[in-house]
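First comes the structure, then the notes that go with it.
The values are calculated or read from the model by the stated rules, or taken from the named source; none is laboratory data. From a predicted model like this one, the values you see are computed outputs, not experimental measurements. For neighbour counting, all protein chains shown are included, and Cβ atoms are generated from backbone atoms with ideal geometry for every residue, glycine included.
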Amino acid sequence: MPEHMPTHLLSSKDLDRFLNVAARAAVRAGTAAHKRFGKARNIKRKGAIDLVTEADKAAEKLIRAAIEKKFPHHSFYGEESGRDLRTSEFVWVVDPIDGTTNFVHGYPFYAVSIGLVFQGETVLGCVYEPLTKSLYTAHTKASSKKNGRVIHVSRTARLIDSLMITGFYYNVMDNTGYDNMLEFNRIVKCTQGVRRDGSAVLDLCRVAEGAVEGFWEYSLAPWDVCAGGIIVQKAGGTVSGLDGKPYDIHSRKCIVASNGRVHGKFIRALKGRSAWHPSSVPSGKRPSVNIIPCAGTRT
């Protein structure tokens, strides 16, 4: 296939070929990494709480070798090795273990994430969860699937009926990023709950398969959201920034993903425009009757 071609000329056959290579690499890397699950050695720190292990590096090396063997002219952008010097319209964006802290502690929530960007647009995503042997896939001309079966976002339409999921990025301790506590406080009071499991890409997959209605997080890197974002979209969901506009995976700004039906209300609640909180009412004027926590939950 020619290296320079318009996005619309990428055929389903091309994308299937790319995805098959990514899927095989993800499964191989995840299977190898899982042998060290909870037993990682030579743990190093990239930040106060940002860990990297031998398993991360080995998994990324395996994935990179598999991709370069099939597509030697494509560029590679990995969490551990950074971006190579190749100039290509195709860029593979890889997180060898998303959820490294979980992996180190033996907490069962981590995954391998591989996305492909073509001419600035994410065209495929592949996520493998070794613990459950779940393979999530999607590309621009195919629906999202889990182990080969099509998946869909939930049909829930009210925030009060929704379960949400979020995360706190590694820079939460050094004051270089937003700590997300205000938004957490707002959303926990107008939904059925908020979960925090420590792997953004798996959080996005949970939105895609309808297990939760929405996800948000600040300061994420391209490898954290590239694959998961397209999996949500091709499952019928919506991915945007807090402004409601398409999300730029390089922005490091807040990502908001949902089933689409609650998206507008979700964003308004995150911004504090629909969430009721006792502190917003003078103490002498606070009502004694029960109040629905979030005005935006009624449709």
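Take Ala227 and decide whether it is assigned to a loop (DSSP other than H, G, I, E, B), outside the structural domain of Gly99 (by TED's automatic domain parsing) and buried (at least 19 other Cβ atoms within 10 Å of the Cβ). Show your work before the answer.
Values: assigned to a loop (DSSP other than H, G, I, E, B): no; outside the structural domain of Gly99 (by TED's automatic domain parsing): yes; buried (at least 19 other Cβ atoms within 10 Å of the Cβ): yes.
Taking the combined requirement at face value, the residue does not satisfy it.
Ser134 versus (1) under 17 Å from the mean Cα position of the chain (by Cα); (2) within 16 Å of Asn20 (Cα to Cα); (3) crowded, with 20+ Cβ neighbours inside 10 Å: which is the lone unmet condition?
(3)
Might you let me know whether region 152-171 holds any residue that is of a type in the set (A, V, I, L, M) and out of contact with any helix residue (DSSP H, G or I) (no Cβ under 8 Å at 6 or more places or on another chain)? Talk me through it step by step, then tell me what you get.
So the first thing to find is which residues in region 152-171 are of a type in the set (A, V, I, L, M), and the list is 153, 157, 159-160, 163-165.
From what is left, the residues that are out of contact with any helix residue (DSSP H, G or I) (no Cβ under 8 Å at 6 or more places or on another chain) are 157, 163.
Yes; the residues of region 152-171 include at least one that is of a type in the set (A, V, I, L, M) and out of contact with any helix residue (DSSP H, G or I) (no Cβ under 8 Å at 6 or more places or on another chain).
Residues to consider are Ala235, Ala200, Ala295; find the one that is touching a strand residue (DSSP E or B) at 6+ places or on another chain (Cβ under 9 Å) and at pLDDT below 95. Lay out the reasoning, then the answer.
Working: Ala235 fails: at pLDDT below 95; Ala200 fails: at pLDDT below 95.
Criteria check complete, one pass: Ala295.
Among the residues of region 60-100, write down those that are among the acidic types (Asp, Glu) and either over 23 Å from the mean Cα position of the chain (by Cα) or not in a strand (DSSP E or B) (or both).
The first filter runs over region 60-100 and keeps only residues among the acidic types (Asp, Glu), leaving 60, 68, 79-80, 84, 89, 95, 98.
Those that are among the acidic types (Asp, Glu) and either over 23 Å from the mean Cα position of the chain (by Cα) or not in a strand (DSSP E or B) (or both): Glu60, Glu68, Glu79, Glu80, Asp84, Glu89.
Counting just the residues of region 203-220 that are among the small types (Gly, Ala, Ser) and modelled with pLDDT of 95 or more, which one comes out surrounded by the fewest Cβ atoms within 10 Å (Cβ to Cβ)?
First, the residues of region 203-220 that are among the small types (Gly, Ala, Ser): 208, 210-211, 214, 219.
Retained after the next criterion (residues that are modelled with pLDDT of 95 or more): 208, 210-211, 214.
Values: Ala208: 33, Gly210: 17, Ala211: 15, Gly214: 35.
Among those residues, the one meeting the criterion is Ala211.
Please verify whether Cys205 is touching a Phe, Trp or Tyr at 6+ places or on another chain (Cβ under 8 Å) and more than 17 Å from Phe266 (Cα to Cα), treating the condition exactly as stated. I'd like the intermediate steps shown before the answer.
Numbers: touching a Phe, Trp or Tyr at 6+ places or on another chain (Cβ under 8 Å): yes; more than 17 Å from Phe266 (Cα to Cα): yes.
So Cys205 passes the test.
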